[in-house]
Amino acid sequence: MNFKSYKSNLIFLFLFLFTILFSRFLLNIYLDMPLHFDEAQYWDWSQNLKWGYFSKPPVLPLLIRSITNICGNSESCIRSASPIFHFLTSIVITYSTFCITKSYKKAIFSGLLFTLMPGITFSSLMISTDVPLLFFSSLVGLLVIKLYQLKQKNNLYYFLLTVVLALGILSKYATLYLLISIFISVILLKDIRILFLNKKFLVSILGVILLIFPHIIWNINNGFVTFTHTAANANFKGFNFNLFQGIIFLFSQALIFGAVPAYFIIKRSFLFASLSTIQQFAFLNFIIPIIIILFLSIISRANANWAVIGYPFGCLFLASLTNI
């Protein structure tokens, strides 16, 4: 593919993504739906910014406050952060895919796969903690790819990884699933182990703790209300084995991510041993949150969106193996 073809494909991608972004803006305005209870609660929190709230960390209220300072307090304005951040996430996924494949077609495919995902289309019509969570998850993927390609020599990327992980945790505690996925990747993948078992990443972890420390202090001063609410939401005390709930959860993942992409990811997973390190890393970070929440759904309860943090990695994994 020559330079003109590269350029025309990139122009097509950006025009398409901007069209989707603009369409979602218009759809939010046209539908003019009243805020859901959770959305109204997030907006109310945004009027009095703190380091934590009853059920959520502080990033989403701060995001809503930033948006409403620009366009007002209408429902469509409050929700406008959702299509904007999903647009940015698709750009990050596109660039990440290009970094590992050097293929514009595969990169474009990954960006379109994310932005047209059924769950993302639905999410664009509301504002929730999943919106910034997915964005920061995609940035973690990009930074790991950069560190891997540079053989961990760039301190700037470790610093950025520190900030992104902290912002992810301050967006939604589901970021911890991503940290578990990274930990398992370190155990299984030698080249990934080199990236994380070193002094630089240890400093990054200390930096993450430092950045989220005001939120920890807020929780200490408020009886750990956010932590206890999250635990209560998962119903850890109510052990009730129910395999049917696990089946429902898996079915919901196929609906949110897309049944066809989910099928091809499962099919490609059987090639795991022959994949590149980054492809293996992407697959593990996609599938491990799903496995964790699947287990939780069987022994307790789980919502369908609790595993979405791995979706950017799923798009990256599938696109990198697509024959286009």
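The values are calculated or read from the model by the stated rules, or taken from the named source; none is laboratory data. Note that the structure is a prediction, hence the values are computed from the model and not measured. Here the Cβ positions follow ideal geometry from the backbone for every residue, glycine too, while neighbour counts run over all protein chains shown. These accessible areas exclude ligands, DNA and RNA; they are computed on the full protein's heavy atoms, side chains included. Shrake-Rupley method; radii C 1.70, N 1.55, O 1.52, S 1.80 Å.
Quick notes
- Efficiency of FRET from Cβ geometry, Lys50 and Leu26, R₀ 30 Å, rounded to 0.05: 0.35
- In range of the label at Thr228: residues from the range 39-56 whose backbone nitrogen is under 14 Å from the point 7 Å along Cα→Cβ: 54-55
- The chain: Cys lacking any partner C-beta under 4.7 angstrom: Cys99, Cys315
- Here the range 151-205 exposes an accessible surface that is 74 percent carbon and sulfur, computed with a 1.4 Å probe and the other protein chains kept in place.
- Cβ-derived FRET efficiency at R0 30 Å, Ile209 paired with Lys151, nearest 0.05: 0.70
- Among the trypsin sites (Lys or Arg not before Pro) in the range 50-117, those placed in a DSSP loop whose Cβ has at most 14 other Cβ atoms within 10 Å are Lys50, Lys102.
- Taking every protein chain into account, the accessible area of the chain amounts to 49 square angstrom per residue (probe 1.4 Å).
- Mean residue ellipticity (222 nm) of the chain, computed from DSSP H runs ≥ 4 via -39,500 (n - 2.57), nearest 500: -24500 deg cm²/dmol
- Put a dot 7 Å past the Cα of Leu243, heading toward its Cβ, do the same for Ile194, and the two dots end up 4.4 nm apart.
- Ser66 versus Leu10: modelled label distance in nm, points set 7 Å from Cα along the beta carbon direction: 2.5 nm
- Spin-label pair Thr121/Val260, simplified geometry with 7 Å Cα→Cβ offset, distance in nm: 1.1 nm
- The range 105-146: equivalent-ellipsoid semi-axes (sqrt of 5 x gyration tensor eigenvalues, Cα, Å): 20, 16, 5
- Extension gain, Phe37 to Asn323, is 98.5 nm, computed as 0.36 nm per intervening residue step minus the present C-alpha separation.
- Asn73/Phe251 FRET efficiency (R0 30 Å; Cβ-Cβ; nearest 0.05): 0.20
- As a length-normalised measure over Cα pairs under 8 Å and 6 or more apart, the relative contact order of the chain settles at 22 percent.
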